[in-house]
1. Applying the selection to the stretch 105-148, what residues are farther than 12 Å from residue 159 by Cβ, crowded, with 17+ Cβ neighbours inside 10 Å and of a type in the set (Ser, Thr, Tyr)?
2. One residue is enough: does the stretch 92-104 have a residue meeting the conditions of a type in the set (Val, Ile, Thr) and surrounded by 19 or more Cβ atoms within 10 Å (Cβ to Cβ)?
3. Output the residues belonging to the stretch 91-119 that are modelled with pLDDT of 95 or more and either of a type in the set (Val, Ile, Thr) or touching a strand residue (DSSP E or B) at 6+ places or on another chain (Cβ under 7 Å) (or both).
4. Pick from the stretch 180-193 the residues that are in a loop (DSSP other than H, G, I, E, B) and loosely packed, with under 13 Cβ neighbours inside 10 Å: which of them is modelled with the lowest pLDDT?
Amino acid sequence: MPDEKNYFAHPTAIIDEGCEIGSETKIWHFSHIMPNCRIGEHCNIGQNVVISPGVVLGKNVKVQNNVSIYTGVACEDDVFLGPSMVFTNVTNPRSAVNRKDQYAKTIVKKGASIGANATIVCGHDIGKFAFIGAGAVVTKNVPDYALVVGNPAKQTGWMSEYGHKLNFNKNGEAVCQESGEKYLLENGKVSKA
């Protein structure tokens, strides 16, 4: 950790050796950043957050209160992790069996949002700008721009980069109600026009 820090850490936060923390990041009350984490610029780490060894967070990641980000998880830029959402990192945990060498990787891609109390079962990636509804339990990969809800999570639609549900016409075209940006739905995939 450099001698001169360009980030804010509340006095009750614990930051272990070997962490890289980007400028203008804020780390709030009772949070623990474990060894060798990389946290980008302009992140906000809420109260009572645990970031396990080796986790990587991109720029402008917002982690709300009571979230644990376990080893094996990586979040790209502009990800939102809602209050008390959960990541796992072992598919078949047992207290008496050490599986630290079996951590499954999970990538949350740029701009994705994960709602409050959602659970992401390890080994499943969350696509760019995907939207995981509150309380959803994700048990498979989520495509770019997908909206998934429920337990187990099922896709119910598509979302814009501004977080609005997209309504596609018969030509597979939709417009975000807030930004006016256009999207195309082709072969079951959404892209920005």
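The values are calculated or read from the model by the stated rules, or taken from the named source; none is laboratory data. No experiment lies behind these values; they were computed from the predicted model shown. Here the Cβ positions follow ideal geometry from the backbone for every residue, glycine too, while neighbour counts run over all protein chains shown.
1. 106, 119
2. No; the residues of the stretch 92-104 include none that is of a type in the set (Val, Ile, Thr) and surrounded by 19 or more Cβ atoms within 10 Å (Cβ to Cβ).
3. 97, 106, 107, 108, 109, 112, 113, 114, 115, 118, 119
4. 193
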